[in-house]
Amino acid sequence: MSLWRIRTAVEDRPGGLAGVVGTLAEHGGNIVGLAIHTDVSGVVDEFVVDIPGNHGAAVRALTEQCPAGTVTAVAAGRREVGDDVTRALLLTARLRSHPNRLPESLAELLLADDARWTNLTPEDAEDVARGTSMLVPVGPLRGVLVSRASHPFTWTESSRADALVRSVMPSTGPVPTDRVIRTADGAALSLRQVRETDAPALSDLHRRCSPDTLRNRYFAGISELGPRMLRVFCDAGRGLTIAVRPQGQEEPIALGHLMYTLDPGVGEIAFLVEDSWQGSGVGTALTRALTVIAGDWGLAEVRAETTLANTGMLRIMRRLGASVQTQEGVYVHARLPVAAAVQGGLGEESRKGGQVARLMGSA
């Protein structure tokens, strides 16, 4: 069997498709697969054809018959013969178990040469403009860049890729109005994005924290929240910082951070909890809330960097399903797949009793 995947624009007139099929038949072609795409050029038909001998004559004949569109032909494998819908469903099932393999699955769905996480650099933008690559958004800040040299991507393929992403991204539910989460004991905590006007209250929070608590958070001995650090906390280009307050109170008792990293699709989480509130479930509820927000942003993974001395942080990350690895005998690197954590019940628990605010609208 000599299989070829042939694409051609078909004229929108009665008998247009019949003419293409007839031409393939005249050259001994046996059509074993057909998909119809829409694109800027109109309707594009894609045939998987078994053509004995040299396929060049059939391609030349199609080019003469369809002068308005480019005819492309690439070698096809046996695995490409089958129902596209079935293949997409199988990929969806696979991704639910391994959500971080989204680029690999998109490459298989689109028969692409390469797929990788990206922030869309200027070089990537040039490839997209030339039509050799396509960006599949995975949230407002990240995406997967898929590339294929043989032929450009169609609108139909873009729609399929978006559908595959939506099928595995966790749902964060409706945006709440009270922006409240609850600890396992039922304590209501109000979340609000940090503003520059919060500087005095955040400084007081840091003064109330012990040196060990501050060292676990910042890896260094600090006692004051300086202007530079506050600017980082308020910089939406770096990520999101939220202040946590007991519902009905004004003084914050914790800070949570979800920051972007240099690795596309990956965020870093960290938090600071006042000593008198430690052990009451604040850190766990905050980590869950940040992970749900990460899923809403389209991040595939959240990481936490801490030390062996920070037993509370390590206990929380392990409880939520993170893999934990020690580095240099002191530092600890925890990795938590977002979709798996949210789909495993984390998101539902985080939303009970008040829901988690997406916060992205103001970030």
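The values are calculated or read from the model by the stated rules, or taken from the named source; none is laboratory data. Keep in mind that this is a model prediction, so the values were computed, not measured. Note: ideal-geometry Cβ built from the backbone for every residue, glycine included; neighbour counts use all protein chains shown. Areas reflect the complete protein model, heavy atoms only, side chains present, ligands, DNA and RNA absent. Shrake-Rupley method; radii C 1.70, N 1.55, O 1.52, S 1.80 Å.
Some notes on this structure:
- For Asp275, the solvent-accessible surface computed with a 1.4 Å probe is close to 60 Å², ligands and nucleic acids excluded.
- Expected-Rg normalisation [2.2 N^0.38 Å, Cα atoms] applied to the range 2-41: 1.23
- Each listed q (0.13, 0.25 Å⁻¹) maps to a log10 I(q)/I(0) for the range 275-335, found by the Debye formula over equal Cα scatterers with no solvent: -0.36, -1.08.
- Neighbour-limited loop hits for chymotrypsin sites (Phe, Trp or Tyr not before Pro), the range 181-263 (at most 15 other Cβ within 10 Å; DSSP other than H, G, I, E, B): Phe219
- When Rg and Dmax are taken over the Cα atoms of the range 183-238, they come to 13.1, 36 Å.
- What the Cβ-Cβ distance of Ala57 and His333 gives, at R0 = 56 Å and to the nearest 0.05, is a FRET efficiency of 0.45.
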